[in-house]
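Here, each number is a calculation from the coordinates, and none is a lab measurement. Keep in mind that this is a model prediction, so the values were computed, not measured. So basically every Cβ, Gly included, is an ideal-geometry build from the backbone, and we count neighbours across all protein chains shown.
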Protein chains: 4
Amino acid sequence: MSARYDFASDNTAPAAPEAIEALVAANTGFTSGYGTDPVSARAGDLIRQMLDADAEVRFVASGTAANAISVAALCRPFEAVLAHDHAHICTDETGAPGFFGQGVGLIRLGGASGRIDPAELTVALAQPDISHRQSPATLSLTNATEYGTLYSVDQLAALTQPVKAKGYGVHLDGARLANAAAAGFDLKQIKSLGVDILVVGGTKAGMAPTEAVVIFDRALARRFDARLKQGGQLPSKGRFYAAPFIGMLESGAFLRHAAHANAMARQLADAMPFRITHPVEANAVFVEMDEERLSALHSAGWFVYRFLDGSVRFMCSWATTEETVQEIGQVLQKLA
Amino acid sequence: MSARYDFASDNTAPAAPEAIEALVAANTGFTSGYGTDPVSARAGDLIRQMLDADAEVRFVASGTAANAISVAALCRPFEAVLAHDHAHICTDETGAPGFFGQGVGLIRLGGASGRIDPAELTVALAQPDISHRQSPATLSLTNATEYGTLYSVDQLAALTQPVKAKGYGVHLDGARLANAAAAGFDLKQIKSLGVDILVVGGTKAGMAPTEAVVIFDRALARRFDARLKQGGQLPSKGRFYAAPFIGMLESGAFLRHAAHANAMARQLADAMPFRITHPVEANAVFVEMDEERLSALHSAGWFVYRFLDGSVRFMCSWATTEETVQEIGQVLQKLA
Amino acid sequence: MSARYDFASDNTAPAAPEAIEALVAANTGFTSGYGTDPVSARAGDLIRQMLDADAEVRFVASGTAANAISVAALCRPFEAVLAHDHAHICTDETGAPGFFGQGVGLIRLGGASGRIDPAELTVALAQPDISHRQSPATLSLTNATEYGTLYSVDQLAALTQPVKAKGYGVHLDGARLANAAAAGFDLKQIKSLGVDILVVGGTKAGMAPTEAVVIFDRALARRFDARLKQGGQLPSKGRFYAAPFIGMLESGAFLRHAAHANAMARQLADAMPFRITHPVEANAVFVEMDEERLSALHSAGWFVYRFLDGSVRFMCSWATTEETVQEIGQVLQKLA
Amino acid sequence: MSARYDFASDNTAPAAPEAIEALVAANTGFTSGYGTDPVSARAGDLIRQMLDADAEVRFVASGTAANAISVAALCRPFEAVLAHDHAHICTDETGAPGFFGQGVGLIRLGGASGRIDPAELTVALAQPDISHRQSPATLSLTNATEYGTLYSVDQLAALTQPVKAKGYGVHLDGARLANAAAAGFDLKQIKSLGVDILVVGGTKAGMAPTEAVVIFDRALARRFDARLKQGGQLPSKGRFYAAPFIGMLESGAFLRHAAHANAMARQLADAMPFRITHPVEANAVFVEMDEERLSALHSAGWFVYRFLDGSVRFMCSWATTEETVQEIGQVLQKLA
C-alpha cells in the first residue's frame, strides 16, 4: 500500500482545475519573455485589485525564494529579521534568508500558536544597536500562521506599528494568505498595516508552482527584475507563473477553495479523538499524539508530520474531501 | 499592431502539447513533495536513459538557476569559471554565478561563433595559481552554442581533457541540448567527456518552465536537495517540473521538435537576403543588418534582438511554422 | 574620571613588550609581500613547533575573520556549524560565519560553563539529513571557553570523535589558547584530536592585532591565500602579523603572560565578595551581581560587562597587576 | 644572493619611523575596544582635517577589505561597479568586490595610463537598465592610478558628475592618495567631487598595515561598525590601526614621504635607459622591457613585476634611497 499524503501538507494536492485551465489557456501564441507578457500584467492587476492597493507584482517559482528574496531586499547582511521561532523562514527553508541575504540573521521570537508575542517583540526592539550582533531591520510575519491560527488586523498592527516606528521593514509571508482571507482576514488592510513586501502563496492555495511577490514600496522595486533574474527567479516563460493566479482570482476559486480547506479542517477537528493543541482557525489541525499512535497511523498508510512543538499536524487543502476526512477520522478513532 | 515575438527567442513560444498534456496528466491525486514523487522519479529515469548514464537528476525552475547552482557546486568563491566570452552565464544571467557562488569569477575566453578557441583555453590553464586573482576551477561549455553552432564530441573532448587533467570540473549548459542532439550531437557521450554537471534545457525545447540538472558525480550530489532548497529551487509540487520531460521524452517530441526548429532555421537561412554571420547548425540564424533595417523590421512588427557580436539574431522553435518563415522572409526581402 | 577597562576584556590591554619589540625588529629593510617573507615563515615554524605538528599557518587581522574563514572552509552554505550556544561565533561576531559562508547556519548546543554537553551533540548528530534544514558539517569548539573554563583533552576527544566519525570537520577557536595551555591543556594533542583548523589567538594573548590560522589538513589549504586575499585578510606587509608571534613564542612570553593572567583571575576570585558562577580555570571570573551593584561599579569607574548568562564578567590579561586586583577587590567589597 | 624588493612594490618597504613611533606610543594602558578608543578618535579628527570635511572614519586592515567593503556598501548584488579595466579592484583583489558584495559585478572601462576614458564612461552610463545584466550603481576611481599617473580635480569631476547625476555612488581608492596629494592633488576637493566613500591608504604610504575608510555620507555609515565586524574588519585593539595615521599626519610625514617617493620615481625615470610607457606623475615608472632583459634584471637580484599592459613596473616608496636608484640605474644601463 502506497502512502497517502492527503493530510501531510497542503502542497501534496494537485493544482485546482481553475489554475490548470488558465495555464492551458495562456499557452497560446508567441509572447515576450521574463514577465513582460500580457498574462503577467493581467495577473498583477488582479492581485492589486484583491489588495485594493498599488504595488509592483512579480511571480516566482517557490515560497522559499519569494520569502528569502523579500527579506534580502529589506535587510543588509549585518542585520537581522525578527520572526516567530517556528516561522517557515526560520525552520523549513534551509537558511535561505542567510543565503539570499549573505548572512542576514534571524532573531527568533516566541508566542503561542505561531503568533509572535508582542512583549517579546518589544524586548527585541529595545535592544541597543551594537556592532557585535545583527540588529533587526525587518519583521517577518506569517498569516495564516504555521500553526493554522490567524492574526487579526489589530494583532498585526500591534506588531507592525512599533517596527515601522523604528524605520524597519515588514514582510508578510502569505503562503496561506487565501486561508487567512477565507477565515476573515481583510486583505485590503495589508498595505495600510505597513507591510513592505507581501508574498501571496499560490502553491498551497491550489495552483501549479507560483508565488506572487507584492512590493508596496516602489522604491524597493527598483531593479527588482535584475534581483530576480540573478536569483534564478525570472523565468522566460513568465505566463506560466501568472496564469494560475488569473484562473483562481477571476473565478473566485482562490477564496472558495481556501474556505473549503478551512471547513475540512473544522470537520477533521470535530472528528478528532486526540487533544487539539492549537486553535483551528484555518486549514490545519494540530493534536497531541504519542509516537506509538503516530507510527500506527503511518502504518495504516496515512503520512503526517510531527511538528516543531511536538504535536502532530494534519493539513487540509482545496482537494481534501469530506469522505477522506471521515475515512481518516475513523482510522484515528481506532488508534485513540 | 502588437509585436510578433516568433523569432525573438526560442522561449517566446508556448509549451508544446506533449509537455502540457503530461503536466495535466501528472496533476492527479496527492503525492509526496519536493521531488520525492513518482513523476519526478520517472522523469529522472528517462533522462538517465537518454544519456545512457547513471546520474542524479533534479528539476529546477530556470536555466539561470540551473547554471548558477551548477557552477557554484564546482567552484569556491575565490575561484573562477572558464567560459566563452559570450556564454549565457557571462552575458545574460545578471551575474548569477557570482551571486550563487558568492563572488565566483568568470574567465572569459574568445572563439569564433560561440565555440571556445582551444588555444585560449590552453593559455588560461597555463596561468600560474596566484593569490591575487581567481584561478579557474571549472570549465563551462554550451551546446548548441549561443550562436547556433555545434560542438562536435571531438571538439568538446579537446576542451574537457586538459581541464579534467588539472582536476577541474566541467559544466555543460544544455539550454539547447535538444537542438544539438537533433543536429547530431550524441548525448550518450556527455558523461565520458568528463562533464560533471549537465543542464538539460526544458524551456527552450518547448516545455513549461523546467530545467533538468544532471549530476554525474554522486559525490557532488551530496545534500544537493538542501542546496536547491536553500536556493529557492526545490518546489513542493515537484511533479510540475518533471512531467513536461516525461511528455517530451516518452513521445520523442524532445528531439522531433528540436529537429523541426533546426529545419526552420535552415529554411529561414535559405530565404535570408542578408549576409549570414555564423554557421547555421541548430535553430538560430545570425545576420548582418544595419540599424535602419532593423528598425524597419521592428516597425513592421517583428521583434528580434541585435546580439553581442553586432549581428541580428533570429531564433526558431518547435512552434515556428513554415508559413511564418515565408512571411518574415518576404518582409526581409523588402527591407534588404 | 574616565572609565577603567582593566577587567572589561583581555583585549583592552596594550600589547606586551615582547610582541612590540619583535614587531619593531621585523620592521627593517624591504621584503616580499603577502606572507611570503622570512618573518612569516619563521613564525609559522614556531607555531608548528609549539603544536608539534605539520600544518599550514597563516596570519590574519582579527579573530572574527579567522573563525569565519575557518568555518567557511569547512561548511557549504546549506550546511551548519555545531557550536556552544554562547560561543563567540554565535554571539559576538555579527553573523560572520553566515557572511563569510554565504548563509552557513549555526546549530547551538547547550552545556554548563561554556562547554558543550556531549549529550546535546549526540542528539544533534543523530538528526536525519533533511533538505529543509541545514545539517551539520563542522563542530566548532573554544578552549579556554567563553566562560573561562577549560576542556580537557579527553573532554574534547569525546566531542570530536563522533564528529569525525561522521566525516565532519572540527574548528577550534583558540582566542584564549594561551590561557588554556598555561592552565595545562596540551597543545601537542590538538592535531590528534582531529582538529582541522585551529585559530591561535594573538590579540588576547598580548599581541598587536594578529591571529594565526593553522590548517592541519593540507588539502583544505589549497588556494587558501586566494581565500584570504578575497576575504581582505592577506595584508601586503605580512610581517606585522607574524612578528608578534615570534616575539611571544621565542621568549616564552606566550605561556608566561597567560599564566600570569590566569593567576590574576585566581587572585581576583579569592578577593571576590560575590558568588562565583563558573569554575575559574583560566583568566576570567564570573559572578552573580545585581543591576544596582553593577551600576555602582560602573559609577566607581570600573567598566565590566554583564554576560549572556546574566553573570558579570571580569577578565584578566598579561597586563593585569596585583595592585589593580587588590584595588578593584576593595571596591567590590564595599559594594557587596 | 637574496632578491631585493626595493622596487617590486611600495608595500615591500618597512613602516616609517613616524608610524612606528606613534604605534608604540599608543600602546600604553587599558582602553576601550573596537575603535571606540581616544587614539582612533584622534586619528579620525586628523583625517577629517586633512580632507577639510565632515565624515565618518574607520580603520581597517587591508586595502582589499577597504575597497570591497566600500563598494559593497554602494552596490547591491545585482548591480555593478564601473572601474578602470586595470584598477586594483578588477585585477588584484581576487574578486573581493564580488565576495563582499555577493556577486556585485565589475564593468571594466578603458582609458590610457590608468585613467578612465570619459567617453567609455558615457557609453556605459547610457546603457539601458535591463534585467539580464548588472547595471552600474557606483563608479570606482583610483588616484594616483595603478599606472602612476594622476587625475586632476577637473578630470575627476568630468567622471563623477554624470555618475552622481544618475544617482549612483562614487568610491575613491586612495591606496596612493599620499602620492597624489604630494603631486598636487587637492585632498580638500574630494568631498565636493561627490565621492561617497574614500579609502586613504596607509600601508603604501609607509605605515604598518592600516587603511582609513572615510564615509562622507552619514546615511551610508549607519551600522557601519556592524558591517565591519561581520566582515572581520573591526579589530578589538583598534588603536593599532589608528596610531600610524596620527604619527604620519601630525608630523607631516604622510605628504613628505610621498613627495620623496615621487621624487625617487622622477630620478629613476631620468636614469632609465628603457622607453617609459606612462607619464611619471607619482611614485611609479613603467618601461618597455623584453623578457630577456627582465630575466637578466631578476638574475641580477632585483625583483620587479611585468604589469598588465606588458610594461615593467618600478615602484618607489618612502624608503627608496637615492643610492638605490643610482644602483639599479647602473644595473639597468648595463642591460639596455
Next item on the list: Within region D:167-182, identify whether any single residue is surrounded by fewer than 17 Cβ atoms within 10 Å (Cβ to Cβ) and either in contact (Cβ under 8 Å) with a residue 24 or more places away in the chain or under 18 Å from D:Gly111 (Cα atoms) (or both), and answer yes or no.
Entry: no
Check: Can you pull out the residues in region D:67-88 that are facing chain C (nearest Cβ under 9 Å) and under 20 Å from D:Ser113 (Cβ atoms)?
Finding: none
Next item on the list: Any chance you could count how many residues in region D:32-42 are of a type in the set (D, E, K, R) and surrounded by fewer than 20 Cβ atoms within 10 Å (Cβ to Cβ)?
Entry: 1
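How many of the residues making up region B:212-223 are touching a residue at least 40 places away in the same chain (Cβ under 8 Å) and surrounded by fewer than 24 Cβ atoms within 10 Å (Cβ to Cβ)? Walk me through how you get there before you give the answer.
Here is the first cut: in region B:212-223, the ones touching a residue at least 40 places away in the same chain (Cβ under 8 Å) are B:212-216, B:218, B:220-221.
Filter once more, so that each one left must be surrounded by fewer than 24 Cβ atoms within 10 Å (Cβ to Cβ): B:215-216, B:218, B:220-221.
Adding up the residues that qualify gives 5.
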Note to self: Considering only residues that are out of contact with any helix residue (DSSP H, G or I) (no Cβ under 9 Å at 6 or more places or on another chain), within 10 Å of chain B (Cβ to nearest Cβ) and of a type in the set (Lys, Arg), which ones fall in region A:197-253?
What the structure shows: A:Arg223, A:Lys237
Margin query: For region C:97-111, give me each residue that is closer than 14 Å to A:Thr94 by Cα and more than 8 Å from chain A (Cβ to nearest Cβ).
Written below: C:Leu106, C:Ile107
Notebook entry, point to check: Exactly one of (1) under 27 Å from B:Thr91 (Cβ atoms); (2) surrounded by 15 or more Cβ atoms within 10 Å (Cβ to Cβ); (3) not charged (D, E, K, R) is unmet by B:His298. Its number?
Noted result: (2)
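Whether any residue in region C:19-31 is more than 21 Å from the chain's Cα centre (by Cα), more than 9 Å from chain D (Cβ to nearest Cβ) and surrounded by fewer than 22 Cβ atoms within 10 Å (Cβ to Cβ) is what I want to check. Walk me through it before giving the result.
Residues of region C:19-31 more than 21 Å from the chain's Cα centre (by Cα): C:21-31.
Still in the running and more than 9 Å from chain D (Cβ to nearest Cβ): C:21-22, C:25.
Those left that are additionally surrounded by fewer than 22 Cβ atoms within 10 Å (Cβ to Cβ): C:21, C:25.
Within region C:19-31 (the criterion being more than 21 Å from the chain's Cα centre (by Cα), more than 9 Å from chain D (Cβ to nearest Cβ) and surrounded by fewer than 22 Cβ atoms within 10 Å (Cβ to Cβ)), the answer is yes, since at least one residue qualifies.
Filter region A:286-308 for residues that are of a type in the set (Asp, Glu) and in contact with a Gly (Cβ under 9 Å, 6 or more places away or on another chain) and give the result.
A:Glu288, the sole residue that qualifies.
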Notebook entry, point to check: Looking at region D:268-314, which of its residues are of a type outside the set (Gly, Ala, Ser), touching a residue at least 60 places away in the same chain (Cβ under 8 Å) and in a helix (DSSP H, G or I)?
Noted result: D:Leu268, D:His298
Item checked: Filtered residue count, region D:112-152, keeping only those that are in contact with a His (Cβ under 7 Å, 6 or more places away or on another chain), within 14 Å of another protein chain (Cβ to nearest Cβ) and part of a loop (DSSP other than H, G, I, E, B) -> 1
Check: Taking only pairs six or more apart or across chains, which ones have beta-carbon atoms under 7 Å, a first residue in region A:224-240 that is without any contact (Cβ under 8 Å) to a residue 60 or more places away in the chain, and a second residue that is in a helix (DSSP H, G or I)?
Finding: A:Gln230/B:Ala96; A:Gln230/B:Phe99
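Yes/no per residue for (1) free of Cβ contacts under 8 Å to residues at least 60 places away in the same chain; (2) within 21 Å of the chain's Cα centre (by Cα); (3) closer than 17 Å to A:Ala96 by Cα; (4) surrounded by 24 or more Cβ atoms within 10 Å (Cβ to Cβ):
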| residue | (1), (2), (3), (4) |
| --- | --- |
| C:Val60 | no, yes, no, yes |
| C:Gly101 | yes, yes, yes, yes |
| C:Val104 | yes, yes, yes, yes |
| C:Arg108 | yes, yes, no, no |
| C:Ala144 | no, yes, no, yes |
Next item on the list: Please enumerate the residues belonging to region B:315-330 that are outside any strand (DSSP E or B) and of a type in the set (A, V, I, L, M, F, W, C).
Entry: B:Cys316, B:Trp318, B:Ala319, B:Val325, B:Ile328
Check: Looking at A:Thr36, A:Thr91, A:Thr64, which one is out of contact with any helix residue (DSSP H, G or I) (no Cβ under 7 Å at 6 or more places or on another chain), under 22 Å from A:Arg223 (Cα atoms) and either in contact (Cβ under 8 Å) with a residue 60 or more places away in the chain or within 14 Å of chain B (Cβ to nearest Cβ) (or both)?
Finding: A:Thr36
Check: So, in region A:39-61, of the ones that are of a type in the set (Val, Ile, Thr) and more than 14 Å from chain B (Cβ to nearest Cβ), which residue ends up nearest to A:Val213 (Cα to Cα)?
Finding: A:Val57
